[in-house]
Amino acid sequence: MLRNLAAAVLTLAAVTVTVTPAEAIPRLVPAADREIVFTADGTTAYGTLHVPKHQAGQRLRAALLLPGSGPTDRDGNQPPASSPDTLAQLADALDGDGIATLRFDKYGTGRTGLGAYRSHPEQLDYPAFVRQARAAYESLRDQPETDPHALLVVGHSEGAMTALLLGSTVRPRPVGLALLQPQAIRLLDLVALQLKAQIAEATRQGQLTPEQQHTINAAVTAAVTSLREHRPADTTDLPPAIAQLFEAFQNLNARFVESDDAVYPPDTAAGLRPGTKVLLTCGTNDAQVPCVTTNALTTALRHAHTGGPGRVTLPAVDHLMHDANHPNTLAPPVRDALHRLTRH
């Protein structure tokens, strides 16, 4: 009898269940946006931090999102003329992989405005935008939800060139870069290539004669040379729209154009930490950044011993990362390419 009773007690002990207090169960924090404020060169900049749903106390991978050229705000828009929501859509795509994001209003846009450059905008140069992006990276690094050792930088167009510069200078170094439709050659070389492609198309359509095409191409080349030699560009032989463009590159914008054009992106790749994961995309329908312009940068990244996914060609995708079936949202190949980076 005693032996049977002891066996029963042992059996009961074997099935005893420990009850976990409710407060010990991790609390799920819903996804949310909040305004972020940081300072660069005496200017207060404003941005949006998007934090995906996560367990309380969890440190998340996080990405800084950098816009393309011109007055492009935190969402990737240039209101009222253009509102593709490029950066807002990138934040949404990265949320699906559990990655927090920070996007901000750069100089001349949104709540940030010109800030300290308001009274002397002609002194605003490209390095000022890089310093602002670096301050944004540091702000993202210091957020309580982010893992400072699992940071990414995602740049679109000119923002991709800025991402390359940050990748070799910030601390801690980012674990990965997404260079989306990047400015991969010098600014004025890219402008000349774009203009000559448009001139060739106008000639093909019979709007210009071959002789006119030759004259205009020569004038574009001469204008680029003049700007690089700090001389006024002669716009006499240029169509009005192209002449206005080169005039805009001078005077108020001269310092920015000169400092942006001074950067050759393939050279910056050498400063990246070996093993840094890099995604570089180019779209076959991208007239602004043709895939051929990314060849030298792709080679430089390989020589720097960066990791994959490397260059990914996006069929039928344009500069805003849309295709014919997705004119207002990120095309599926773009999302797939991003996932290839975040999966690493």
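How about region 142-168: which of its residues are modelled with pLDDT of 95 or more, of a type in the set (S, T, Y) and in a loop (DSSP other than H, G, I, E, B)?
S157
Do you know which residues across region 43-59 are under 30 Å from G113 (Cβ atoms) and among the hydrophobic types (A, V, I, L, M, F, W, C)? A45, L49, V51, listed by residue number. Taking region 27-49 as the region of interest, how many residues are more than 14 Å from A133 (Cβ to Cβ) and among the small types (G, A, S)? The number of residues fulfilling the criteria is 3.
Do the conditions hold for L188, that is, is it closer than 24 Å to N295 by Cα and not basic (K, R)?
yes
Scanning region 246-264 for residues that are surrounded by 18 or more Cβ atoms within 10 Å (Cβ to Cβ) and touching a Ser or Thr at 6+ places or on another chain (Cβ under 9 Å) yields a total of 2. Scanning region 270-300 for residues that are at pLDDT below 95 and either buried (at least 19 other Cβ atoms within 10 Å of the Cβ) or within 16 Å of the chain's Cα centre (by Cα) (or both) yields a count of 0. Entry remark, region 209-232: residues being over 11 Å from I199 (Cα atoms) and outside any helix (DSSP H, G or I) number 4 in total.
Condition (residue is over 22 Å from V170 (Cα atoms) and part of a strand (DSSP E or B)) applied to region 56-65: is it met by at least one residue? Within region 56-65 (the criterion being over 22 Å from V170 (Cα atoms) and part of a strand (DSSP E or B)), the answer is no, since none of the residues qualifies.
The values are calculated or read from the model by the stated rules, or taken from the named source; none is laboratory data. It should be emphasised that the depicted structure is a prediction, and the values quoted were computed from it without experimental measurement. Quick reminder, even Gly has a Cβ in these numbers, built from the backbone with ideal geometry, and neighbours come from all protein chains shown.
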